[in-house]
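The structure appears below as structure tokens.
The values are calculated or read from the model by the stated rules, or taken from the named source; none is laboratory data. Bear in mind that the values here come from a model prediction, so they are computed numbers and not experimental data. No Cβ is skipped: glycine too gets one built from the backbone with ideal geometry, and neighbour counts run over all protein chains shown. Surface areas here come from the heavy atoms of the whole protein model, side chains and all, with no ligands, DNA or RNA. Shrake-Rupley method; radii C 1.70, N 1.55, O 1.52, S 1.80 Å.
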Amino acid sequence: MDMYRAHVLVCCGTGCTSSKSPQIIDSMEKLLAENGLETEVKVVKTGCFGLCARGPIVVVYPEGIMYTHVDLSDVKEIVEEHFLKGRVVKRLVASDEDSAEIAHSIQNLGFFKKQMRIALRNCGMINPENIDEYIAHDGYAALGKCLTAMTPQEVIDEVSKSQLRGRGGAGFPTGRKWSFAAQSKGDIKYVCCNADEGDPGAFMDRSILEGDPHSVLEAMAIAGYAIGSNQGYIYIRAEYPIAVERLRIAIAQAKEYGLLGNNIFGTDFSFDIELRLGAGAFVCGEETALMVSIEGNRGEPRTRPPFPAVKGLWGKPTILNNVETYANIPMILLKGADWFTTIGTEKSKGTKVFALGGKINNTGLVEVPMGTTLREIIEEIGGGIPHGKKFKAAQTGGPSGGCIPAELIDTPIDYDSLTAIGAMMGSGGLIVMDEDNCMVDIAKFFLEFTVDESCGKCSPCRIGTKRMHEILEKITKGQGELSDIDKLEDLCNTIKIAALCGLGQTAPNPILSTLRYFKQEYLEHIVNKRCPAGVCKDLLSYIIMPDQCKGCGICAKQCPVGAISGEKKSAHVIDQSKCIKCGVCMSKCPFKAIKR
Amino acid sequence: MKSLSELQELKEKTLQEINLRMQNGGTKIVVCMGTCGIAAGARETMRAIVAELKNKNVNYASVLLSGCDGNCEEEPVVKVIEPTGEETVYVHVDTEGGKRIVNEHVIAHKVVDGMTR
Ligand SMILES: Cc1cc2nc3c(=O)[nH]c(=O)nc-3n(C[C@H](O)[C@H](O)[C@H](O)COP(=O)(O)O)c2cc1C
């Protein structure tokens, strides 16, 4: 065993990797060796810490000091000052926006204070490519407990008692799903993991797989034992190369240790897991399409019933759970359902991971107890909206979900509260919007996505989403009519009930919820041909106020298409036929003489 | 791996290695590592402390460095901070002294004779 006095954890999640964290590791190891510190200070590559907005992230233990925005050029200073002489490099230490003091430990940061990490418990704590570190954090102990001290029925009962609900979007009780599959008769059964994560802006599942792949493998083996299956498949998109690579390493290590394979822990239970790479189609996240895709066919959904628990992969009883759902399982079995049910609200137990994105300071990954309010997530954990702008709405559930308007910011985040206000939990994408976002444009954005991603098998979805998108396009171009709103509502309600699968059935949600809370904004576009947020370019024009223009010429110089002309020291004008409405002139005018 | 006890063994072994990430508030041994400390042999002292902790399988203490705190003539200076916050300052600590701090103070909970100010 090696004993170091300090461990330096460097985030190698997708975000930090693209801002050069692997090079930071190389450079740090080189500099440690040059200073004779290589036997004292160990560099550890980890998964995501969550504070992606401030990456690359480096955390030094035992102090627990978090360095943010670390550049390659900072490494020398960190090594020579902190590691050699014990002097913390203050300018790089994470602090809260509103606090002049540096946070002496990662635990004191506002970003982490309200969080509770169950699914993300090991992310940023361990090296995901080292099974020993997972084992040190009680890894595979839950599997051992199940195999040696519990019957399959007891495992299912414990999961049912925990009231864990699926984190992939629909929120179906996991215990009940397992129980159905256990009751299905069949010589062969399958356990599948949904790591397709097609919701734009979501990166929860990816981060769990990158930061703690073994927790998912362990949970799948537990599920296999519970339902009587010996084979698992993880369906993951090929666009997640780091997650795929770490899963491959994890599976190989687990097999080497005998934690996957034949006769696990000397019992007669055997379980194996294989990866199946998807091509990144949203519809392949839908359970029946996913299974068809694993079978090697074109990913198209089919009607249910029969449900996969009866007839799934290759016609055999199958369970499919989401990555985050699985990540909760080992903890539930180790600490007990009674512990798990103390967390969360009456009908939504445990925590939920959210990928915070959009107009928010702390873009990143957060895990909070169910029932935390949107306000706490946005203002306290998320650090508020950049540039002092006003919060307008948040979109949960991505293209299948809805928006939560500012007046409902105190809504507790759980399955039922969100459904009640026309939004949904979804898989955990949480996109924050401020006063500069146009809600019609947002609805159009999501519809564009569903039009692209519709598989085309059923006409309500194939044709219906296209028609809805056309109407939204018309409205944002200033050609909308009042009757369009009725037409939209009519289409929405029809597609909701007539589409074959969840993709089509939920595609109208972004329209329905924006219509519900922001109808006035639609009417402004239709009646007054105005986009109040100033996003829809066709409804916009930039005008120079002649009495305020001093004729400095800055706007004319900045205009990328040469649409502004005028004599020096006299009022300039914008040629509307040339203007592309980029807004540069307005942002550069020192006299605020340009209006929109 | 064929049994739970093998898993437990591996867990404990690795835990010792990564315990210092847990921030579970064990004893802190702070070695002053200013230029003055380094010149007086603080690095060797610090290494001896880390090695002794490993020899004795101590996993509830962590070794931290700090800058000079102004008493350069007393270097190498080592402070032991108990989880309670109680602080003991040792001066002129050589490698032997470092080992004594681990054995007598950290393990046996007795202040080391003749090494305090
Ligand atoms: C169009 C569509 C896309 C979906 N995409 C995903 C996905 O990316 N990941 C996921 O876990 N579930 C996704 N689902 C939900 C799955 O069909 C299924 O409900 C889920 O994987 C079950 O796991 P859970 O019970 O653990 O949530 C999607 C559903 C639909 C209709």
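Of the listed peptides A:554-563, A:509-518, A:412-421, what is their order by residue-averaged count of other C-beta atoms within 10 Å, with the highest listed first?
Result, highest mean Cβ count within 10 Å first: A:509-518, A:412-421, A:554-563.
Can you tally the net charge around B:Lys28? Count Lys and Arg as +1, Asp and Glu as -1, for every other residue whose Cβ sits under 12 Å from the Cβ of B:Lys28.
-2
Estimate the FRET efficiency between A:Thr494 and A:Glu407 by the formula 1/(1 + (r/R0)^6), using the beta-carbon distance for r and 22 Å for R0, to the nearest 0.05.
0.15
How much solvent-accessible surface does B:Asp113 expose, in Å² to the nearest 10, with a 1.4 Å probe and all protein chains in place?
Here the accessible area works out near 120 Å².
Once you measure Cβ to Cβ distances between cysteines in chain B, which Cys have no partner under 4.7 Å?
Cys with no partner Cβ under 4.7 Å: B:Cys32, B:Cys68.
Just to confirm a number: summing +1 for Lys and Arg and -1 for Asp and Glu over residues other than A:Ile580 whose beta-carbon lies under 13 angstrom from that of A:Ile580, what do you get?
Taking every other residue near A:Ile580 into account, the sum is +1.
Could you compute how much accessible area chains A and B hide from each other, both sides summed, with a 1.4 Å probe? Nearest 100 Å² is fine.
Chains A and B together bury roughly 3400 Å² of accessible area.
As a test of the formula, what do you get for chain B when each DSSP H run with n ≥ 4 contributes -39,500 (n - 2.57) and the sum is divided by the residue count, at 222 nm and rounded to the nearest 500 deg cm²/dmol?
My calculation for chain B gives -10500 deg cm²/dmol from helical runs alone.
Can you give the direction-averaged projected area of the convex hull of the alpha-carbon atoms in segment A:439-527, in nm²?
4.8 nm²
If I take the Cα coordinates of the protein assembly as shown and project them onto the principal axes, what are the three extents in Å, biggest first?
91, 83, 40
Tell me the net charge near B:Val93. Cut-off is 11 Å between Cβ atoms, B:Val93 excluded, with +1 for each Lys or Arg and -1 for each Asp or Glu.
That works out to -2.
List the equivalent ellipsoid semi-axes of segment A:131-340 in whole Å, largest first, each obtained as the square root of 5λ for an eigenvalue λ of the Cα gyration tensor.
Each semi-axis is the square root of five times an eigenvalue, giving 23, 20, 16 Å.
Under DSSP H, which helices of chain A have Cα atoms covering 15 Å or more of the helix axis and a Kyte-Doolittle average no less than -1.0?
Helices passing the filter in chain A: A:21-34, A:213-227, A:241-256, A:323-335, A:439-453, A:459-476, A:483-498, A:509-527.
Go ahead and estimate [θ] at 222 nm for chain A from helices alone: -39,500 (n - 2.57) per DSSP H run with n ≥ 4, summed, over the residue count, rounded to 500.
-10500 deg cm²/dmol
Which value in Å is the Kirkwood Rh of segment B:4-107 over different Cα pairs?
Evaluated over segment B:4-107, this radius sits at 14.2 Å.
Not counting ligands, DNA or RNA, and with a 1.4 Å probe, what is A:Glu379's accessible surface area in Å² rounded to the nearest 10?
Counting only protein heavy atoms, the figure is 90 Å².
With a 1.4 Å probe and all protein chains left in place, how much of the accessible area of chain A comes from carbon and sulfur atoms, in whole percent?
50 percent
Antiparallel DSSP bridges in chain A: what percent, to the nearest 5?
Looking only at bridges with both residues in chain A, the antiparallel portion is about 55 percent.
Suppose R0 equals 45 Å; then what is the FRET efficiency for B:Arg117 and B:Gln8 from their Cβ-Cβ distance, rounded to the nearest 0.05?
Working from the Cβ atoms, E equals 0.50.
With every protein chain left in place, what is the accessible area per residue of chain A in square angstrom, probe 1.4 Å?
Accessible surface, normalised per residue, equals 38 Å².
Residue separation times 0.36 nm, minus the C-alpha to C-alpha distance between B:Ala39 and B:Asn57: what's the value?
3.5 nm
Got a sec? Which residues in segment B:95-117 would a label at B:Glu86 touch, if it sits 7 Å along Cα→Cβ and we count backbone N under 17 Å?
B:101-117
Computed FRET efficiency, Cβ-Cβ of A:Leu275 and A:Ser577, R0 51 Å: what is it to the nearest 0.05?
So, using R0 = 51 Å, E works out to roughly 0.40.
Hey, any idea what % of chain B's accessible area is carbon plus sulfur with a 1.4 Å probe?
49 percent
List the residues of segment B:1-19 for which accessible area in the full set of protein chains is at least 20 Å² lower than for the chain on its own; 1.4 Å probe, protein heavy atoms only.
B:Met1, B:Lys2, B:Leu4, B:Leu7, B:Leu10, B:Lys11, B:Lys13, B:Thr14, B:Gln16, B:Glu17, B:Ile18
Could you work out, residue by residue across A:115-127, how many beta carbons of other chains sit within 10 Å of that residue's beta carbon, and then give the average as an integer?
Averaged over the peptide's residues, the number is 1.
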